[in-house]
Amino acid sequence: MYFPFLRGKQHELFALRDLKDSNVLSGEILPVIEPVKYSTQLVSTVKGLLDDNRKLIMIMNPSVGTFVDDLNDNEELMEEILELMGHRNATIGYYLNSNAALEELPQLVNRCNRTLDETAVFHSDLRYLDIYEVMFAEHEAKYNFIADIKPLKRRFANNNGVILRDSFIKRTPNAEYLNHQVEWFSSDHLDFEQEGFLGFSDYSIVGEEYTESGFGAKAVAFHILYPDEAKNLWVRHFVSDSNENRADQAGKFGEALYKFVDWYNQNETALINTEGINELLDCYKNGNYPGLGMLKRYSIKHHLELVGNMLVKV
């Protein structure tokens, strides 16, 4: 099972919505959403997935953004989200990062009319493992997301563990990707079961680092995953060449897109023939610059559909 970790920003949410609407979101994919703020887009996307019998995890104490403050400042919004998380297909996600969890998590679970053993707990700090052992003395959480830390791997292998890694190497500025055009991404989809895990998780082609908003960069870059013959996943970076200033973003995109189409024509396979890829090809065919946000959406859609295809074929 693949648990893509997505921040609840517009284009990440819409990537999920698009794949669901096109009926290409694999049943082997259970998305994790860390909402960065309350929005009607968040609610409609989550509700659409749940009502379409899709399961998802939403983190209720996100580490970034204003989501918690948004709910605490408006009781109607709080009740709306709590009702949403009471849906049978929703799983409450929670960062175990303070002693306050002993009171907070049980209270949250009760308000959603759920039980502790239906939750997804996110572990990254060994100091709070004892808190988990107290709360879950009689049973495990439904999912235990763990960082690549040996004691956590020992504790949760074969105990509802999901390995969470940041597989994407973030480089700044974007022009730096010209020096690293092909990079290793992951083999977790091949290895997670033999390591004793229920599934695997990553931050797609966005990376764990959170930024509030983007801006016009000197170099335009987008990132496409592809499998090698052994079904390991690699990432190919497509970057513009005229990177002296921030002018002509559309022209920069055209430079990167030309490289992508040339690469695609040499590497076309059924596995990478995804909706996200076809949207990029349409941009080339129509001479269209969709904007940086849409570029991210296309790349995420490709990633999720590709991994879904890989899991079926592994």
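The values are calculated or read from the model by the stated rules, or taken from the named source; none is laboratory data. Every value quoted in this text rests on a predicted model; they were computed, and no experiment measured them. Here the Cβ is made from the backbone with ideal geometry for all residues, glycine too, and neighbour counts use every protein chain on show.
Does residue 219 satisfy being touching a strand residue (DSSP E or B) at 6+ places or on another chain (Cβ under 7 Å), in a loop (DSSP other than H, G, I, E, B) and outside the structural domain of residue 157 (by TED's automatic domain parsing)? Spelling it out, residue 219 is indeed touching a strand residue (DSSP E or B) at 6+ places or on another chain (Cβ under 7 Å), in a loop (DSSP other than H, G, I, E, B) and outside the structural domain of residue 157 (by TED's automatic domain parsing). Within the range 19-29, being surrounded by fewer than 22 Cβ atoms within 10 Å (Cβ to Cβ) and either at negative phi or in contact (Cβ under 8 Å) with a residue 40 or more places away in the chain (or both) holds for 20, 21, 22, 24, 26, 27, 28, 29.
Matching residues to (1) within 24 Å of residue 209 (Cα to Cα); (2) surrounded by 13 or more Cβ atoms within 10 Å (Cβ to Cβ):
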site	(1), (2)
62	yes, yes
67	yes, yes
75	no, no
86	no, yes
90	no, yes
96	yes, yes
108	no, yes
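It is to be established whether one or more residues within the range 36-46 are touching a residue at least 60 places away in the same chain (Cβ under 8 Å) and touching a Gly at 6+ places or on another chain (Cβ under 9 Å).
Yes - at least one qualifying residue is present in the range 36-46.
The range 107-211 holds helices (runs of 4 or more DSSP H) entirely within its bounds, and those carrying 1 or more residues that are farther than 15 Å from residue 223 by Cα and of a type in the set (Ser, Thr, Tyr) map to 129-135. Filtering the range 194-228 to residues that are surrounded by fewer than 20 Cβ atoms within 10 Å (Cβ to Cβ) and on the phi > 0 side of the Ramachandran plot leaves 196, 207.
Reported count of residues in the range 256-293, each being surrounded by fewer than 22 Cβ atoms within 10 Å (Cβ to Cβ), closer than 25 Å to residue 3 by Cα and modelled with pLDDT of 95 or more, is 4.
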